[in-house]
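A.B. asks: My questions will all concern the structure given below.
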Amino acid sequence: MNQNKTNRFMPILMAICVIVGIVIGTFYANHFSGRRLNIINSGSNRLTSLLQLIDDQYVDKVDVDSLVDKSIPKILAELDPHSVYITAKDMQIANDDLKGSFSGVGIEFTIREDTIHVQNVIKNGPAERAGLVAGDKIVTVDGKTFVGKQVTNEEAMHRLKGPKDTKVKIGVMRYGSDKVQEFTVTRGDIPIKSVTATYMLDDKTGYIHIKQFGETTYTELLIALAKLSQEGFENLVIDLRDNTGGYLNSAVQMANEFLPRNKLIVYTEGRKSPRNDYRSDGRGSYQKIPLVVLINEGSASAAEIFAGAIQDNDRGTIIGRRSFGKGLVQQQLGFHDGSMIRLTVARYYTPSGRCIQKPYVMGEDKDYEQDLLTRYQHGEFFSQDSIKHTGPEYHTSIGRPVYGGGGITPDIFVPEDTLGMTNYYKQASMSGLILQFAFKYTDDNRQKLNQFSNMNELSNYLVRQNTVDKFATYADKHGLQRRNLMIQKSQKLLERYINSRIIYNMLDESAWTQYLNQDDPVIKATLNVFKNKAAFPQKPDAEQKNNKKVAAARIIPYEPLHLDFPKLSAKA
């Protein structure tokens, strides 16, 4: 009897349970729907969903990978100016310079008239062993014609670089021959030097030019110092002009060589990056040598870390012009396809506590990119009084005032000057005609120029050749009207620029640097500092504290503004 009643009411009980379940489910669905929608509509999921919708439903076929490559840079552009995206294709090129070596054929080249011209063949490299020589024109690669509009730096490096021990066939047109000669080159490791010049400025002063801060920079520095030690140097100049930076650790290692124990070199700190101090360990071998560091508006990042450590610890004298002002630290984060982003994760601060990052507005980098031009137009390159400090005042270890918020201001300011500057010179240098002429002159006269094995001999020979007049004739035929009065006024500037490029083409970057340094007022100011035994900064007296300015060096600079000064030849 009871069992029958239970069976009779079971369907009713089940119906009630279903209804209650629906009510409860509806309540929770409505109650939490906002949170669920927020999760679905969060930024990352929306981007993923958008790409899926485009891939599934867009009217035409779309290369989603290409779309992502184009979109990520635009997202990062809404952050700071130094957070960037690098595609898998460009990864190798982006890292080669800092790695200290790459795998390739071992040539320096330039592209002229849609053809690769071999400017230099790296000594004992794969190309030299295969038989290529400077002056060769590459016209085929692996049996395929490689001339015309397809020839770009990127495409040339893509074809000539490659894994070690792989082979590439290169066809060249050689001076004096009208037939294509083929050479099989076995690719190998090609070193990329950070230290591009090491020599004695005078009997007591050693000079080291550092182009960037890569993995091998510290090792190269030690080799350079050992070389100068054999020549008996007592003073040291480290030239970081136009050094765009690189690895922070390399700058720290280098600063450590010159600082006493437990001196703060730099510290980094960010929202998700706790403060990290970098200090000297006291093992440096050159802690007491008189030191001068050269900087300019092209010195950035790791170069500023080194200069700031030397300045704030009152270890040496900084000479030149205000540096670029990059105080942001990037971390490389890779994707599965081989691409990566360099994301800003922290700021770095010099020992006095200043962040030297110049101002920027997130997502608006036009003014940031134009900063150097703005400085020039404002007169900063010509007058120390025109320097605008946007950050607060800090003090070095002995109380000298220094400023944050926009680069390292040198202790001794050496201005640019308008002496010899004319519109003709500006047009000649900015148009690229000087470089083109120098390349052509080198190729046409290579047999004669090969007789000169050092910078001084070649320089003296070029002076006698009146290269300025030859250039003016060449430029007149290529759209730059000859202006004899302006050419006469700019004679020294033109000769210096033209001859320096020919010297680089025929010799190397070290010879090029030595040539430019001969009449460089920054170098002259440096030698005066050593002559006066003033490399170690002195504690400011009351008058200096009130003035809060360091006396400027009143010396005529060696060249005008070169914001668009062309880069050296590409390497492959």
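The values are calculated or read from the model by the stated rules, or taken from the named source; none is laboratory data. Model, not experiment: these values are computed from the prediction. Here the Cβ is made from the backbone with ideal geometry for all residues, glycine too, and neighbour counts use every protein chain on show. Surface accessibility is based on the protein's heavy atoms, side chains included, excluding ligands, DNA and RNA. Shrake-Rupley method; radii C 1.70, N 1.55, O 1.52, S 1.80 Å.
A.B. asks: Expressed in nm to one decimal, what extension gain is obtained for the pair LYS89 and ALA534 from 0.36 nm per residue of sequence separation less their Cα-Cα distance?
C.D. replies: Full-extension gain reported as 155.2 nm.
A.B. asks: Which of the listed residues, TYR286, SER273, LEU259, is farthest toward the dipole's positive end in the range 252-292, when Lys, Arg count +1 and Asp, Glu count -1 at the beta-carbon?
C.D. replies: After comparing all options, I get SER273.
A.B. asks: I would also like to ask the following. How big is the dipole moment of the range 112-220 about its Cα centre under a simple scheme where the beta carbon of each Lys and Arg is +1, that of each Asp and Glu is -1, and everything else is neutral? Debye, nearest 20, please.
C.D. replies: 300 debye
A.B. asks: Of the options LEU458, LEU433, LEU480, report the single residue whose Cα projects farthest towards the positive end of the charge dipole of the range 433-491 (beta-carbon charges: Lys, Arg +1; Asp, Glu -1).
C.D. replies: LEU480
A.B. asks: Reported to two decimal places, what Rg/Rh ratio describes the range 325-368 when computed on Cα atoms with Rh from the Kirkwood expression?
C.D. replies: 1.09
A.B. asks: In Å and on Cα atoms, what radius of gyration and Dmax does the range 250-294 show?
C.D. replies: Both quantities, over Cα of the range 250-294: 12.3, 39 Å.
A.B. asks: Where in the range 320-346 does the label zone of LYS74 land, with the point 7 angstrom along Cα→C-beta and an amide N cut-off under 20 Å?
C.D. replies: Only 340-342 pass the distance filter.
A.B. asks: Then there is this: Just list whichever of LYS193/LYS426; LYS288/LYS539; LYS89/LYS164; LYS149/LYS440; LYS426/LYS470; LYS137/LYS492 have alpha carbons separated by over 27 Å in the model shown. Walk me through the intermediate numbers first.
C.D. replies: Numbers: LYS193/LYS426 31 Å; LYS288/LYS539 17 Å; LYS89/LYS164 18 Å; LYS149/LYS440 20 Å; LYS426/LYS470 18 Å; LYS137/LYS492 32 Å.
Over 27 Å Cα-Cα: LYS193/LYS426; LYS137/LYS492.
A.B. asks: Still on this structure, I have one more. Please label the shape of the range 251-356 as rounded, prolate or oblate, based on the square roots a ≥ b ≥ c of the eigenvalues of the alpha-carbon gyration tensor (a/c under 1.5 means rounded; beyond that, a/b larger than b/c means prolate, else oblate).
C.D. replies: prolate
A.B. asks: What does the extension gain come out to for LYS61 and LEU222, with contour length at 0.36 nm per residue minus their alpha carbon separation?
C.D. replies: Gain in length upon complete extension: 52.3 nm.
A.B. asks: Using only the Cα atoms of the range 389-530, what are the Rg and Dmax in Å?
C.D. replies: Rg and Dmax of the range 389-530, Cα atoms, are 19.4, 59 Å.
A.B. asks: Go ahead and collect, in residue order, the members of the range 324-356 whose backbone nitrogen is under 15 Å from a label point 7 Å along the Cα-Cβ direction of LYS272.
C.D. replies: So the set is 329-335, 341-347.
A.B. asks: Can you pull the percent of Cα pairs in the range 62-126 with separation above 14 Å?
C.D. replies: Percent of Cα pairs beyond 14 Å in the range 62-126: 73.
A.B. asks: Need one word for the range 479-543: rounded, prolate or oblate. Basis is the Cα gyration tensor (sqrt eigenvalues a ≥ b ≥ c); a/c below 1.5 gives rounded, then a/b vs b/c decides.
C.D. replies: Cα axes put the range 479-543 in the oblate bin.
A.B. asks: Ok, one more. Can you figure out the FRET efficiency of ASP519 with ARG446, using R₀ = 25 Å and their beta-carbon distance, to the nearest 0.05?
C.D. replies: Taking R0 as 25 Å, the efficiency between ASP519 and ARG446 is 0.40.
A.B. asks: Once both labels are modelled 7 Å past Cα along the beta-carbon direction, what's the ARG464-GLU369 spacing in nm?
C.D. replies: 4.8 nm
A.B. asks: How big is the dipole moment of the range 392-478 about its Cα centre under a simple scheme where the beta carbon of each Lys and Arg is +1, that of each Asp and Glu is -1, and everything else is neutral? Debye, nearest 20, please.
C.D. replies: In debye, rounded to 20, the range 392-478 gives about 360.
A.B. asks: With a probe of 1.4 Å, find how much accessible area the range 444-548 has per residue, and write the answer as a whole number in Å².
C.D. replies: Counting only protein heavy atoms, the per-residue value for the range 444-548 is 56 Å².
A.B. asks: To the nearest 0.05, how large is the calculated FRET efficiency for LEU333 and ARG112 if R₀ is 35 Å and r is the Cβ-Cβ distance? It would help to have the intermediate numbers written out before the result.
C.D. replies: Working: r = 39 Å, r/R0 = 1.10.
Calculated value: 0.35.
A.B. asks: Which of the peptides 286-293, 55-62, 158-165 is most tightly packed, and how do the rest follow, going by the mean number of other Cβ atoms within 10 Å of each residue? Intermediate values should be presented prior to the final figure.
C.D. replies: Details: 286-293: 19.5, 55-62: 8.4, 158-165: 15.9.
Order by mean packing, descending: 286-293, 158-165, 55-62.
A.B. asks: Could you give the semi-axes, largest first, of the ellipsoid that matches the range 202-245, computed as the square roots of 5 times the alpha carbon gyration tensor eigenvalues and rounded to whole Å?
C.D. replies: The equivalent ellipsoid of the range 202-245 has semi-axes of 20, 13, 5 Å.
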